[in-house]
Amino acid sequence: MKRTQMDKAECLTGASKIWRVKRTPQVFQLISKKKSLATAAQLLLRGAEKLNKSVAESQEQWRQRDFNAELLHLRSQWKLRKVGDKILGDLSYRSAGSLFTHHGTFEVIKNTDIDLDKKIPDDYCPLNVQIPSDLEGSAYIKVSIQKQSADIGDLGTVSLFRKPLKAKPGSQAWHLKLEAAQNVLLCKEIFTQLSREAVQIKSHIPHIVVKNQIISQPFPGLQLSISLCHSTMDKKNQRASPDKTKPDDHLYVLEHNLHQLIREFHKQTVSSSVMPHPASAPFVPKRLRVAGPMAYDKSEISSLQQSEGLLEKIVKQAKHIFLRSRTARTIDSLASRIEDPQIQAHWSNINDVYESSVKVLITSQGYEQICKSIQLQLNIGVEQIRVVHRDGRVITLSHQEQELQDFLLSQMSQHQVHAVQQLAKVMGWHVLSFSNHVGLGAIESIGNASAITVASPNGAYAISVRNGPESGFKVLVQFPRCQAKDLLKSDVLQDGKWNYLRGPYKEVHWSKMEGRNFVYKMELLMAALTPYP
């Protein structure tokens, strides 16, 4: 029993010794593997750090190269100069001849607001510009003609004339910022020039400068408004903008002409003085170039100076545009209201900023070839309208709309009588009398009445037509005495030949006559009274 227990104990101690011998090399192997993995990890981390440093350096070099390329692109379009550590640019039009006192300087800065670890956005630009705060946002000049307000306090301000701003995704590129800032600067220069001239010009009706508006009165009851509308992107201005949409009353032609006029002013400022001759002479100041024995005297210099300012020119253009639109409206209203005779207007495509022309034809439908007597050429100027007739007569009309309307109505009335005269020649009738200004009958409040009397080919019948602009037309027919049943026989006329004389006139019920217009009815009447051959 004891022997057996001792054998078991020896077996257990031997097995534990064998397990310890086998376990020791596995621990050493595990430790060595950990050390080798740690060494490899350190090598990989060092390599990754070197790779990150090289990538960051390459990205920084790429960004620097991209900044230089973008700066070169900016320099090709805008004037740049380096002042100390800063790169400054010029937004003004001084090089083009502008005399505006605003410096118009912007600064070029490097865009560092980007995380190199993240993906670079598509609209990323390594260059950014910093413009003055008074040139931020957008601006435009608004020109409109409206009815005269009763009180100056009713005039609008910037918030009343603001255009809706459209939000653009992402930040604005530098060229868009510079173009918008330069446009703001040009609009401010235009408004400053107009304001200065509005104060200096002495006119019968003084110009008014209120806040951001210049008010002028081209015609009685109308006012020309020139407004400077400047909007920024801040929240206050967005809240101040009205929600209600107002009708578009812009005169875009005048707004465009304002920009053209200021550029012409710049050009005249640059090219007003003669360059030195020969070309190799030193470039001296202007006051020295115009001095010397061949210099201009005071009268010559005053003659070379600009006689009309920017405001005077734009007011004259506004007068012409308003007078032209009112003339077109008057002609259209008469054409839509009066069907017989027809009035047609042919506007010329080649016009001047101060003068336009329109050819007015008054015709009857179906008789355009024989009724060409009324052809008018209207030369619309600044404050008056010159009417040139077909025979060369010239009539000058004022800017009053009623005066032009009365004149056209009188011409349309005369057209009917001229049409009867031309129709009588075609039908073989004889014209006995014709007058554009009849001195008998009712007095017309608009123009004068015209009349004509025609006789049939054999002289048996006669037609008398009297037409007035206000009273309308009246047609009378004279029959032979033999056909007059209600005419009493006279004992004085013994011979029968006196019965062939024409008797008294009888009025024709013109409304009961068939026909589409006056000339067609007159043709039917003449055909009915013409004897058969």
*Additional length obtainable on full extension of the chain from Val199 to Lys506, 0.36 nm per residue less Cα span*: 103.6 nm
*For the cross-link pairs Lys86/Lys211; Lys359/Lys521; Lys316/Lys359; Lys82/Lys211; Lys147/Lys298; Lys211/Lys267, which exceed 32 Å when the distance is taken from alpha carbon to alpha carbon?*
Lys86/Lys211; Lys82/Lys211; Lys147/Lys298
*Can you work out the FRET efficiency for the pair Val210 and Gln377, with r the C-beta to C-beta distance and R0 = 35 Å, to the nearest 0.05?*
0.25
*More than 21 Å apart: what percent of Cα pairs in the stretch 312-398 qualify?*
34
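What FRET efficiency, computed as 1/(1 + (r/R0)^6) with R0 = 45 Å and r the Cβ-Cβ distance, is obtained for Val426 and Glu403, rounded to the nearest 0.05?
With a Förster radius of 45 Å, E is 0.80.
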*Taking 7 Å along the Cα-to-C-beta vector as the label spot, tell me the Gln130-Ser76 distance in nanometres, rounded to one decimal.*
2.7
*Using a Förster distance of 30 angstrom, determine the FRET efficiency expected from the C-beta separation of Ala328 and Arg390, and round it to 0.05.*
0.90
*Using 0.36 nm per residue, how much length does the chain from Gln365 to Leu43 gain when fully extended, once their Cα-Cα distance is taken away?*
105.7 nm
*About its Cα centre, how strong a charge dipole does the stretch 329-394 have in debye, to the nearest 20, once Lys and Arg get +1 and Asp and Glu get -1 at the Cβ?*
120
*Label point distance in nm, Thr101-Ser299, each placed 7 Å from Cα along Cα→Cβ*: 3.6
*At 7 Å along the Cα-to-beta-carbon direction for both His175 and Arg516, put a label point, then send me their distance in nm to one decimal.*
6.0
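What is the local net charge at Leu261, summed over the other residues whose Cβ is closer than 14 Å to its Cβ (Lys, Arg +1; Asp, Glu -1)?
My count for the surroundings of Leu261 gives -2.
Every number in this text was worked out from the coordinates using simple rules, so none of it is lab data. As the structure is a prediction and not an experimental result, all values here were calculated from the model. FYI the Cβ positions are ideal-geometry reconstructions off the backbone, even for glycines, and counts take in every protein chain you see.
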